[in-house]
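Reading through the structure tokens given below for one structure.
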Amino acid sequence: MQVINPATEQVVTTVQSLDVEETDAAIARSRKAFPGWRAVAPGDRARLMRRFAEAVDADRERLAQLEVANSGHTITNARWEARNVRDVIAYYSAAPERLIGQQIPVADGLDVTFHEPLGVVGVIVPWNFPMPIASWGFAPALAAGNCVVLKPAELTPLTAMRLAELALDAGVPDGVLQALPGKGSVIGQRLVDHAGVAKIVFTGSTEVGREIMAGCARQIKPVTLELGGKSANVVFADADLSAAAAAAPYAAFDNAGQDCCARSRVLVERRAYDPFMELFEAAVSRVVVTEPSDEKAEMGPLISAAHRERVAGFVTDDVAFRGSAPAGAGYWFPPTVLTPTDPAARVLREEIFGPVVAVVPFDDEADAIRIANDSDFGLSGSIWTRDVGKAIRVSRDIESGNLSVNSNSSVRYWTPFGGFKSSGLGRELGPDAPLAFTETKNVFFSNG
Ligand code: TAP
């Protein structure tokens, strides 16, 4: 399988796609490694994870350059992503020594609970943020004493493969973390169907997530689903409009809009609509769309020609204004702002996963909440206002897993992350994430 640089359309390298037999062999290696990994004393497992984090730290620039070449991420973003992986592994390195159970008052003895690791966990990752999303699954799973088989997207396998090498170099035993490049329909499906895989962590489209959940249901296999989004960026008239407008392009066009948390709907209070649009247009025109290895780049290309075609299908006659994009080789697409008037427009309903955003006016607080919630998705979103009471009310009423007031921040590894409605099931990250990779065992000791 050829790995293509989306900014140049050139072949970066060739990677061997694994088949079902090779996937089974990898699962068998993982199952063999599990008793040993589970038996590593908590302090030693913590130390190995810290060494893994240090190995990632020492390799940050190489990982970042791999992501620029493989995924077209801007170098600034790719460096942040490599640091994020390091920090996520370091954060969960504290977990092995803190998997604390309970002592429960009972008659006739003593009752205690243990958090037992599940076994082999399959982590299936999309192409949009290959490195961080992998680590949000594998780091808490490893910390809780599980082995992980990681399935990167077929388009973007390079950083996942490098991270598995770094784990080995750091002393994490063979078979504890493996990355298997190849097709979702082959490797991913096998991880779901294989009785030797105890849990699936899936990040990707709602469509595939639904099938994964059905596959897991057949085996009563636990599953975490991190799926699509259609998030609203709600701007009230009392907000700092300059700050909201200056930030809005990055909430929709960062990573070329290939972001599950992209605020691809901007809802603006009607009486602030015209001044906001003027500021927003100026901000969009300033977004630097260029060769992603350029330190000044703020947006790179889309992942593939097929995806660019899909994104282009959302651009209708409602174009308000657009930014710029390079011509020539590469899957470039300009930042695009639409002002649809039909609430049923596809651009307001479906996930675009490209640099296209729709702006919609609203009348008041109730109208903003109604429009924000008029979606099958509920992953992320923002509320811009100077009124603290309004911020509290609206953030409680919007049906979404992650909201941000006067900012567009989405994912922090210290806090739980995941969606409402069709955006998913379960939460990743935050201090409790390792517990999602354990079963609670209750043991009664009779004093008779
Ligand atoms: P998908 O097409 O759903 O693919 C995601 C992963 O699943 C890939 O590794 C894919 O492998 C694999 N896969 C495909 N078919 C499979 C099957 N039958 N069984 C098991 N695995 C299978 O998504 P994508 O296009 O890569 O990513 C974009 C989507 O991910 C968007 O909807 C986006 O919102 C969502 N996303 C969500 C989040 C969170 S945290 N909620 C974060 C990022 C992205 P191949 O690529 O090799 O086919």
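The values are calculated or read from the model by the stated rules, or taken from the named source; none is laboratory data. Every value quoted in this text rests on a predicted model; they were computed, and no experiment measured them. Every residue, glycine among them, receives a Cβ derived from its backbone with ideal geometry; neighbour counts consider all protein chains shown. What goes into the accessible areas is simple: the full protein's heavy atoms, side chains included, and nothing from ligands, DNA or RNA. Shrake-Rupley method; radii C 1.70, N 1.55, O 1.52, S 1.80 Å.
Helix 388-397 axis versus longest C-alpha principal axis of the chain: approximately 60°, rounded to the nearest ten. On the basis of the beta-carbon distance and an R0 of 56 Å, residue 346 and residue 111 show a calculated FRET efficiency of 0.50.
Relative to one another, the C-alpha centroids of the range 200-217 and the range 137-167 are positioned 18 Å apart. Spin-label model, residue 364 to residue 288: label points 7 Å out along the Cα-to-beta-carbon direction sit 4.5 nm apart.
Tell me the Kirkwood radius of the range 201-331: reciprocal of the mean inverse pair distance over distinct alpha-carbon atoms, in Å. Spell out each step's value before the answer.
On the way: mean 1/r = 0.0584 Å⁻¹.
After inverting the mean inverse Cα-Cα distance, the result is 17.1 Å.
Placing a pseudo-label 7 Å from each Cα along the Cα-to-Cβ vector at residue 318 and residue 60 gives an inter-label distance of 4.2 nm.
Work through the residues other than residue 292 whose Cβ is under 12 Å from its Cβ and net out their charges, Lys, Arg +1 and Asp, Glu -1. Intermediate values should be presented prior to the final figure.
On the way: positive: 79, 296; negative: 67, 291, 294, 295, 298.
With Lys, Arg at +1 and Asp, Glu at -1, the neighbours total -3.
For residue 230, go through the lysines and keep the ones whose alpha-carbon is under 23 Å away, minus same-chain ones fewer than eight residues off. Straight-distance partners of residue 230: 390, 421.
The peptide list 164-172, 224-232, put in order of mean Cβ contacts within 10 Å with the highest first, becomes 224-232, 164-172.
For the chain, with every protein chain kept in place, what is the accessible area per residue (1.4 Å probe, Å²)? Don't skip to the end; give the middle numbers.
Numbers: 18220 Å² over 448 residues.
With the other protein chains kept in place, the chain gives 41 Å² per residue.
Rounded to the nearest 0.05, what FRET efficiency is calculated for residue 271 and residue 205 with R0 set to 30 Å and r the Cβ-Cβ distance?
Details: r = 38 Å, r/R0 = 1.25.
It comes to 0.20.
Near residue 239, once Lys and Arg are set to +1 and Asp and Glu to -1 for all other residues with Cβ below 11 Å from its Cβ, the sum equals -2.
Given contacts defined as C-alpha pairs under 8 Å and at least six residues apart, what's the relative contact order of the range 1-108, whole-number percent? List each step's numbers first, then the result.
Working: 86 pairs, mean separation 31.3, N = 108.
Reported as a whole number, the value is 29 percent.
A simple spin-label model places the labels of residue 25 and residue 373 5.4 nm from each other, with each point 7 Å out along Cα-to-Cβ. Using a probe radius of 1.4 angstrom, the carbon and sulfur fraction of the accessible surface of the chain is 52%. The peptide list 22-32, 49-59, put in order of mean Cβ contacts within 10 Å with the highest first, becomes 49-59, 22-32. Subtracting the Cα-Cα distance of residue 310 and residue 412 from their residue separation scaled by 0.36 nm leaves 33.7 nm. Of all aspartates and glutamates in the structure, those lying under 13 Å Cα to Cα from residue 441, and not within fewer than 8 positions of it along the same chain, are 111, 116. Relative to the compact-globule estimate of 2.2 N^0.38 Å, the Cα radius of gyration of the range 278-431 comes out at 1.15. Our estimate of slack between residue 11 and residue 168, defined as 0.36 nm per intervening residue step minus the Cα-Cα distance, is 53.8 nm.
Remark: the residue 246-residue 447 segment gains 65.7 nm on full extension, using 0.36 nm per residue and subtracting the alpha carbon distance.
Based on the mean of other Cβ atoms within 10 Å per residue, sort peptides 282-288, 388-394, 129-135, 175-181 so the most packed one is first.
On the way: 282-288: 16.1, 388-394: 14.6, 129-135: 26.4, 175-181: 24.0.
Most protected by this proxy first, the peptides run 129-135, 175-181, 282-288, 388-394.
Using C-alpha pairs under 8 Å with a sequence gap of at least 6, the mean separation divided by the residue count of the chain gives a relative contact order of 19 percent.
Placing R0 at 35 angstrom, the Cβ-Cβ distance between residue 217 and residue 339 gives a FRET efficiency of 0.25 after rounding to 0.05.
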